[in-house]
1. Can you work out the Karplus-derived ³J(HN,Hα) for every residue in the stretch 259-269? Use 6.51 cos²θ - 1.76 cosθ + 1.60 with θ = phi - 60°, whole Hz, and x for glycine or proline.
2. Between residue 80 and residue 271, what FRET efficiency comes out of the Förster formula 1/(1 + (r/R0)^6) with R0 = 30 Å and r the beta carbon distance, rounded to 0.05?
3. Taking amide H atoms as placed 1.01 Å from N in the peptide plane, list the residues 5 or more away in sequence, or in a different chain, whose amide H sits under 5 Å from that of residue 343.
4. Taking the highest mean first, how do the peptides 129-137, 176-184 order by number of other beta carbon atoms within 10 angstrom per residue?
5. So for the pair residue 334, residue 90, with labels modelled 7 Å out along Cα→Cβ, what separation do we get in nm?
6. Just order 93-102, 232-241 by mean Cβ neighbour count inside 10 Å, highest at the front, would you?
7. If the limit is 20 Å between Cα atoms, which of 117/364; 104/315; 117/315; 259/330; 104/364 go over it?
8. Pull out the extension gain between residue 199 and residue 136, defined as 0.36 nm times the separation in residues minus the alpha carbon to alpha carbon distance; nm, one decimal.
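What follows is calculated from the coordinates using simple rules that are stated; it is not laboratory data. None of the values given here were measured: they were computed from a predicted structure. Cβ placement follows ideal geometry from the backbone for every residue including glycine, while neighbour counts extend to all protein chains displayed.
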Amino acid sequence: MLLHRNCKNVRSWILIIVALVAWAFVLVFKQAVLFAPNESDDDSTITTLQLNAKKEQLYLENDNEDYASAATTTTEVKWIRDVAWFQNEVKKGCCPYAKQIYNKRYANIEFRCCTSKISRGDIDPLRATGGVDYSQIFHRGTKHNVQENNLSMFIQGDSLAEQHFVGMVCYAWSTDLKVDLKRLSSQRDQNDGTIWQANISEHYSNNQFTIHYLGWDRPTVPSKTIIDYNLLGRPNFIFLSGWHHGLSDNHSITKFLQKMSTNGISGYGNENVYVVDALPSHFPGGEYEPDESLYSSISNRNSGGSSLCEQYNAKGNPDINHNLVEIIEKVRNENETNSNVTLLHVSQLYHHRGNAHVERQNDKRDCLHWCIAPGVMDALTRMTLAAIYERVSSFDEHEDS
């Protein structure tokens, strides 16, 4: 009888232990599901990030914005929190090519490298993943009509397009590629009409990727009396953005894209025209004051006297992204020759990156321009290269068939 009772007690304890183990397994499984990246996101899903500072976890959520997929391209680029990578990149110092491009303009604010902000821990240590890097461009094995694996792209726009250019050059530097950067022409205001050229290559091969940047803050084609188009080469791809300082009405942008999709740059690149949507600004109150140009005064009634930018904002300045969708659809539908005008939709990745802006410039607040700090412009770079890679790959498949 005693033996039977003891056996019964043992079985009871075993059942309790099994139940506890099962309960613990369920908890672990739920945590894994909660914090695992959502691999089911397709190209139509617009993902942004929200950081929970206490748990130091990364959450992805949908913004539920409706963009016409026929005229846009999104690639699987996301942010992940990577402190070790960020600290290693910080050790490299300020990108020397940011110093070369910005020169005297922004020497008093650390060439927009935001070194002081980084030292204070004010920028989230986020690394862009997904998309395409330069090595994939160099080793794609294309049969396209370019010499070896050499490609060329052209960027035109205002100071944000300039940051696109700076970001791509500094990304190449940070990944230990060779960079040959030179200014080909300079206008009197140091930016509008200035042409830069960057040749990016590997240390052990002849593969080369060339980027030209033309500073031009209006959605127009500059006159040949102002710009020497011979300096811009023969680009395979054209990327257009900005226009925050000049005309940004729908009619002007439509006419500009029609010309670019027909003529390109001296007849080159018109088959592959991309429009980069407006990245969000994070001014307190949502927008800068019209009479303050690009910069909002620290004494702005919405600022509370703080030099900090807001963490979250989904609007660009100007807020033209939805107009761009309609404009590009119109241009594409006019005739078949305009079918390769595409919107590169990257703004969603910057909605939550308000602390990655330059922020303070003397007595003004700059919540429009971005820090040339580790990772900040990498998402735009990797999406740009992914768009190029996708288009070149489609050419290869067409030739193989």
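1. The phi angles translate into 5, 5, 6, 9, 9, x, 9, 6, x, 10, x Hz.
2. Rounded to the nearest 0.05, the efficiency is 0.30.
3. Sorted by chain and number, the residues that satisfy this are 72, 73, 275.
4. Output ranking for 129-137, 176-184: 129-137, 176-184.
5. If labels sit at residue 334 and residue 90, their model points lie 4.9 nm apart.
6. Top to bottom by mean Cβ count within 10 Å: 232-241, 93-102.
7. Check vs 20 Å cut-off fails for 104/315; 117/315.
8. Taking 0.36 nm per residue and subtracting the Cα distance, the gain is 21.0 nm.
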